[in-house]
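Working notes, beginning with the structure itself.
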Amino acid sequence: MTSSGCRPEASGSLAPRSTADGSFSLFSERFNEGFHSSSGAYGEALAKFVAPAQLERFSPGSRLRVVDVCVGLGYNSAALIEAAAPRGLTLEWVGLELDPRPLALALAAPSFRSLWQHDTLQVLEQLGDQGRWQGRHGRGRWWIGDARRTLPLLASELNGACDLVLHDAFSPGHCPELWSLEFLAGLGALLKPDGRLLTYCAAAAVRKGLQLAGLQLASIGGSAEQPRQRRWCQGTAASPDPLPTSPTGVLRPLSPMEQEHLATRAAEPYRDPDGRADALAIAAARQEAQRHSSAGSTSAWRRRWGLEGTT
């Protein structure tokens, strides 16, 4: 994940990291945050983006319109390409990214390259070298710059036309610019009625923003090995149409715990009306709104659900 809405220096110094599944990732020293969870960069792309896309929905020969917000090391789109190809699917792809360094660093890492087929590496190399790619997997290009500026440029072509939006920015606490109600609404506008926005993030503020943008929500299934009272999800799926969910499926209805979370002050959205505020200003405005909110206490919610002492 990379912070396309943050300043060009936002990622700061980037240090290589190996995740638990052996896949290559990076750590942003400025943010004190990794680009992926420690459990595995490759596994995260599959579980949080490819699986909930449910590519079996699409007929062979379909071309999917995909927007990848915060391309980063390229895991999410590379994994999507490799899952789509055996189903006869190709991509019409657009990436939003601020910093091309993560992709270049990934392509220089043997442990990253070993994960992908030759054709997939060619796509990533074309993207890094030329800013665009074309081949048997489809075609695409990325827009380098602040995603808040580039997203409106896509509206005339892509609003209401996208099958998938993959949103993988740094966490809302570190880069609220890309989790504001306004930015989420812009992403939601890209979707077809049955299109899906997929993200690892399950923060109440983000989910409330998606709801206020008119999208229906589902949880991306979490691990059944977690204790019941602390069980959380892998992320969030959102769509203009209701999503097909089941209690044990990859897309699950929001649990009573998650639904109640959306009625607390934690669900106060981030706001950035003109798309130009910095992280400190956005966070400060949200804190002020929370102080005046009549919503329920987040700490009381945590106590009710046995979440004290958890993150």
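Sort through 104, 85, 79 and tell me the only one that's touching a residue at least 12 places away in the same chain (Cβ under 8 Å), assigned to a helix (DSSP H, G or I), of a type outside the set (Val, Ile, Thr) and farther than 21 Å from residue 35 by Cα.
Exactly one residue qualifies, and that residue is 85.
Which residues, taken from the stretch 272-297, are within 23 Å of residue 216 (Cα to Cα), under 25 Å from the mean Cα position of the chain (by Cα) and surrounded by fewer than 18 Cβ atoms within 10 Å (Cβ to Cβ)? Within the stretch 272-297, just 273 meets the criteria.
Looking at residue 107, is it within 22 Å of the chain's Cα centre (by Cα), hydrophobic (A, V, I, L, M, F, W, C) and surrounded by fewer than 21 Cβ atoms within 10 Å (Cβ to Cβ)? Yes; evaluated as a whole, the condition is true for this residue. Taking every residue in the stretch 124-143 that is closer than 11 Å to residue 90 by Cβ and pairing it with any residue that is of a type in the set (Asp, Glu) and not in a helix (DSSP H, G or I), at least 6 positions away or on another chain, the pairs with Cβ-Cβ distances below 8 Å are 138/92; 139/92; 140/92.
Picking from residues in the stretch 112-140 that are part of a helix (DSSP H, G or I) and either of a type in the set (A, V, I, L, M, F, W, C) or modelled with pLDDT under 95 (or both), the one that is surrounded by the fewest Cβ atoms within 10 Å (Cβ to Cβ) is 121. Condition test on residue 44, is it touching a residue at least 24 places away in the same chain (Cβ under 8 Å), of a type outside the set (A, V, I, L, M) and surrounded by fewer than 24 Cβ atoms within 10 Å (Cβ to Cβ)? When the stated conditions are applied, residue 44 does not pass them. Which residues, taken from the stretch 155-205, are buried (at least 22 other Cβ atoms within 10 Å of the Cβ), of a type in the set (Asp, Glu) and either modelled with pLDDT under 95 or more than 11 Å from the chain's Cα centre (by Cα) (or both)? If the condition is that a residue be buried (at least 22 other Cβ atoms within 10 Å of the Cβ), of a type in the set (Asp, Glu) and either modelled with pLDDT under 95 or more than 11 Å from the chain's Cα centre (by Cα) (or both), then 163, 177 are the ones that fit.
The rows are residues; the columns are (1) over 29 Å from residue 135 (Cβ atoms); (2) modelled with pLDDT of 95 or more; (3) touching a Phe, Trp or Tyr at 6+ places or on another chain (Cβ under 7 Å).
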site: 16; (1), (2), (3): no, no, yes
site: 20; (1), (2), (3): yes, no, no
site: 34; (1), (2), (3): yes, no, yes
site: 56; (1), (2), (3): no, yes, no
site: 66; (1), (2), (3): no, yes, yes
site: 71; (1), (2), (3): no, yes, yes
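In the stretch 88-98, which residues are assigned to a loop (DSSP other than H, G, I, E, B), more than 16 Å from the chain's Cα centre (by Cα) and surrounded by 21 or more Cβ atoms within 10 Å (Cβ to Cβ)? Matches in the stretch 88-98: 89 only. If you go through the stretch 265-311 and keep only what is part of a loop (DSSP other than H, G, I, E, B), of a type in the set (Lys, Arg) and either closer than 22 Å to residue 211 by Cβ or without any contact (Cβ under 8 Å) to a residue 12 or more places away in the chain (or both), you end up with just 271. Of the residues in the stretch 207-219, at least one is buried (at least 20 other Cβ atoms within 10 Å of the Cβ) and either modelled with pLDDT under 95 or among the hydroxyl-bearing types (Ser, Thr, Tyr) (or both). Screening 239, 223 for residues that are at pLDDT 95 or above and either more than 29 Å from residue 303 (Cα to Cα) or not acidic (Asp, Glu) (or both) leaves exactly one candidate, 239.
The values are calculated or read from the model by the stated rules, or taken from the named source; none is laboratory data. The shown structure was predicted, so the numbers you read here are calculated from the model rather than taken from an experiment. In this analysis, Cβ positions are derived from the backbone assuming ideal geometry, glycine residues included, and neighbour counts consider all displayed protein chains.
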